[in-house]
Amino acid sequence: MADRKMDIIRALKEAGDAPISGEDLGEKLGISRTMVWKYIKALEEDGYVIESSPGAGYVLVSTPDKLYPAEISIGLDTSIIGKDIHYFETVDSTNDMAKKMGLKAEEGTIVVAEVQENGRGRKGDPWISPKGGIWLSVILKPSILPAHAPRLTLMAGVAVANTMRQFGVDASIKWPNDVVIGKKKICGILTEMDAEADHIGFVVIGIGINANIPVEELPEELREGSMSLSSIKGECINRAEFVQALLRSLETEYLRFKVDGSTKILEDWMSLSNTIGRQVDVITPHKIISGKATGINADGALIVENDEGVHEVIAGRCIYK
Ligand code: BTN
């Protein structure tokens, strides 16, 4: 059903304003006119507005603001990322769903949802995921050591920040992996994996973007430190177009990572980051390290310099002074 509906949407999009008859659509897809009609009705139920004039045919008038696989895949020219897209209106967590699919899924499979009822952030924090956001997870199967998996989180941060910049939003990366506008967080990334000591079964990179969510509609405790694409731009973005651009950007970075390793990703991360060069307090489970952030190492540890020396901080909460 889903594939056929996608074929019909693709044909209607290609035809633009020119009507296509049920007969032509049927012939193109190898199905009867009655089946075409059934799919058209199903698409209308999904929110597509399709004009049908007797004798002339069908014209696509508008598409719904949904992250349907058809809206993301039509025109997507990637070879790995997004070849298979699983869509849910509501899900507990796209990362949990992706982890269930993990081993059997093709590399590059995407899980995307309009709403997460139990979205998860880092350190077990909840991740508020209402309608209007972009909540997605990507399954990757890289041939790298599990210890090197944090490099993929850096890669995702670079891909998200670059995509936002393509959409005219001046995004930066705050260590370890928040995408921010100034000091306000607009995207969080949660990487999880299924691995043995020296082998990765799969990695799930979960990306949560406050897209078309007015900041004032976020829970009060999040408002001050959060930003959204619609609030910064003063208008809603086309989420499907954004996801398409993000998947392209992820693919560019991932192909580069597979061929050249993480050198370029680290360079890009450094130039997109607004942490480097700042005075920071990094709160780790054992102590607070204060000093100047001067770089990151290959595994994403923050390098902080102070009077006591040079510290490589693997994990912690970074506060700008
Ligand atoms: C963070 O704490 O900054 C990470 C937030 C990650 C949220 C995303 S939304 C899609 C995916 N599914 C989840 O449950 N979490 C990640």
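Take the conditions (1) out of contact with any Leu (no Cβ under 9 Å at 6 or more places or on another chain); (2) surrounded by 14 or more Cβ atoms within 10 Å (Cβ to Cβ); (3) of a type in the set (A, V, I, L, M, F, W, C); Val61 misses just one of them, which is (2). For segment 99-115, enumerate the residues that are within 13 Å of the chain's Cα centre (by Cα) and either within 13 Å of the ligand (Cβ to nearest atom) or surrounded by fewer than 19 Cβ atoms within 10 Å (Cβ to Cβ) (or both). Answer for segment 99-115, where residues must be within 13 Å of the chain's Cα centre (by Cα) and either within 13 Å of the ligand (Cβ to nearest atom) or surrounded by fewer than 19 Cβ atoms within 10 Å (Cβ to Cβ) (or both): Ile110, Val111, Val112, Ala113, Glu114.
Output the residue which, of all residues in segment 181-216 that are among the acidic types (Asp, Glu) and either surrounded by 15 or more Cβ atoms within 10 Å (Cβ to Cβ) or not assigned by TED's automatic domain parsing to the domain that holds Trp135 (or both), is nearest to the ligand (Cβ to nearest atom). My answer is Glu192.
Matching residues to (1) over 30 Å from Gln279 (Cβ atoms); (2) within 19 Å of the chain's Cα centre (by Cα):
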| position | (1), (2) |
| --- | --- |
| Gln166 | yes, yes |
| Ser172 | no, yes |
| Val180 | no, yes |
| Cys187 | no, yes |
| Leu190 | no, yes |
| Ala197 | yes, no |
| Phe202 | yes, yes |
| Gly208 | no, yes |
| Glu216 | yes, no |
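Of all the listed residues (Ile31, Ile8), the sole one being free of Cβ contacts under 8 Å to residues at least 40 places away in the same chain, part of a loop (DSSP other than H, G, I, E, B) and not assigned by TED's automatic domain parsing to the domain that holds Lys131 is Ile31. Only one entry of Gly300, Gly316 meets the criterion of being in contact (Cβ under 8 Å) with a residue 12 or more places away in the chain and more than 28 Å from Ala113 (Cβ to Cβ), and that entry is Gly316.
Cβ-Cβ contacts under 6 Å between residues 6 or more apart (or on different chains), taken from a first residue in segment 112-127 that is β-branched (Val, Ile, Thr) to a second residue that is more than 9 Å from the ligand (Cβ to nearest atom), are listed as Val112/Leu67; Val112/Tyr87; Val115/Thr90; Val115/Lys131. Looking at segment 257-276, is at least one residue modelled with pLDDT of 95 or more, assigned to a strand (DSSP E or B) and out of contact with any helix residue (DSSP H, G or I) (no Cβ under 9 Å at 6 or more places or on another chain)? Checked against the condition, which is being modelled with pLDDT of 95 or more, assigned to a strand (DSSP E or B) and out of contact with any helix residue (DSSP H, G or I) (no Cβ under 9 Å at 6 or more places or on another chain), segment 257-276 yields no hits at all. Looking only at residues in segment 277-297 that are part of a strand (DSSP E or B) and either aliphatic (A, V, I, L, M) or free of Cβ contacts under 8 Å to residues at least 12 places away in the same chain (or both), the one that is surrounded by the fewest Cβ atoms within 10 Å (Cβ to Cβ) is Ile288. Is at least one residue of segment 182-189 in contact (Cβ under 8 Å) with a residue 60 or more places away in the chain and hydrophobic (A, V, I, L, M, F, W, C)? The answer is no, given that none of the residues of segment 182-189 is in contact (Cβ under 8 Å) with a residue 60 or more places away in the chain and hydrophobic (A, V, I, L, M, F, W, C).
The values are calculated or read from the model by the stated rules, or taken from the named source; none is laboratory data. A quick note: this is a predicted structure, and the numbers were derived from the prediction, not measured. Note that we place each Cβ from the backbone using ideal geometry, even for glycine, and neighbour counts take in every protein chain shown.
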